[in-house]
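The values are calculated or read from the model by the stated rules, or taken from the named source; none is laboratory data. Note that the structure is a prediction, hence the values are computed from the model and not measured. All Cβ positions, even for glycine, are placed from backbone atoms using ideal geometry, and neighbour counts span all protein chains on display. Accessible surface is based on the protein model in full, side chains and every heavy atom, while ligands, DNA and RNA are left aside. Shrake-Rupley method; radii C 1.70, N 1.55, O 1.52, S 1.80 Å.
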Amino acid sequence: MMKTMAVEELQVLKEKNPLLAIDAIVQRHNADPGSAIPILQDIQNTFGYVAPEVLQRVSELSGILESELYSIVTFYSQFRMEPIGENLIQVCHGTACHLAGAERVSEAIMHETGAKDGGTSPDGKFTLEKVACLGCCSLAPVITVNEETYGRVAPNEVGKVLKEINGQTEDKKAGCKGGCHHE
Ligand code: FES
């Protein structure tokens, strides 16, 4: 019987054999038909997204209907069925950020990158997501990029922020770590 794997082990297994990683994820949840959401969350955490082809395999292993899995992935906004771009931008649409103009920030990012809300830019560089309160409302409107926080982002400064992100992506490749950015 396959042992329960830690998240890090799943990442390693995914690189070697994606199918075995899916098997291990279903196994982690004891192939329990009530575990559809946790199984799909583990798949997204491991692979970055839930590919439609994966659903058939999960269905075979868990006994959960493929149509049910598909309904869950398409219903909940936390799931994505396409790979994310090089950079993940999350725009907070919680109350404070909404009042501070989050909608205009989202629109400016869509305009600058060509990404649709919940989608990836045509050049594959940016994926844009709407999220609930990120917990730093005093900095509204807030966005995170690759888990780094940017506060008081004005729509007309989005271009500058995106440029900085591109620079950081290069820095990260060189091992640089950033902090919390306030405009
Ligand atoms: S509402 Fe945006 S950080 Fe709280």
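Side notes on the structure shown:
- Simple Cβ-charge dipole of the range 65-124, Lys/Arg +1 and Asp/Glu -1, about Cα centre, in debye nearest 20: 180 debye
- When the Cα positions of Ser59, Val73, Pro83 are compared along the charge dipole of the chain, Pro83 comes out farthest toward the positive end, with charges on each C-beta of Lys, Arg, Asp and Glu.
- Long-range HN-HN contacts of Thr149 with modeled amide H, under 5 Å: His181
- Global form of the chain, assessed from the alpha-carbon gyration tensor, a/c cut-off 1.5: prolate
- Using distinct alpha-carbon pairs, which all enter the 1/r mean, Kirkwood radius of the range 42-116 in Å: 14.5 Å
- Helix 52-62 axis versus longest C-alpha principal axis of the chain: approximately 40°, rounded to the nearest ten.
- Order of exposure, largest accessible area first, which applies to Glu157, Glu15 with probe 1.4 Å: Glu15, Glu157
- R0 of 45 Å, Cβ-Cβ distance Glu148-Glu60: FRET efficiency to nearest 0.05: 0.70
- Helical runs (DSSP H, four residues minimum) scored at -39500 (n - 2.57) apiece and divided by the length of the chain put the mean residue ellipticity at 222 nm at -14500 deg cm²/dmol.
- Surface/4 estimate of mean projected area, convex hull on alpha-carbon atoms of the range 110-161, nm²: 3.6 nm²
- Here the range 65-155 was treated as a single set of alpha-carbon atoms; its pair distances binned every 5 Å from 0 give 3, 15, 23, 22, 17, 11, 5, 2, 1, 0 percent.
- Solvent-accessible surface ranking, highest first, for Tyr76, Tyr150, Tyr70, Tyr49 at 1.4 angstrom: Tyr70, Tyr76, Tyr49, Tyr150
- Where both bridge residues fall in the chain, DSSP classifies roughly 45% of the beta bridges as antiparallel.
- As a calculated quantity, the FRET efficiency between Asn156 and Phe75 at R0 = 45 Å, using C-beta atoms, amounts to about 0.80.
- Spin-label model, Val7/Glu86: points 7 Å from Cα along the beta carbon direction are separated by 2.6 nm.
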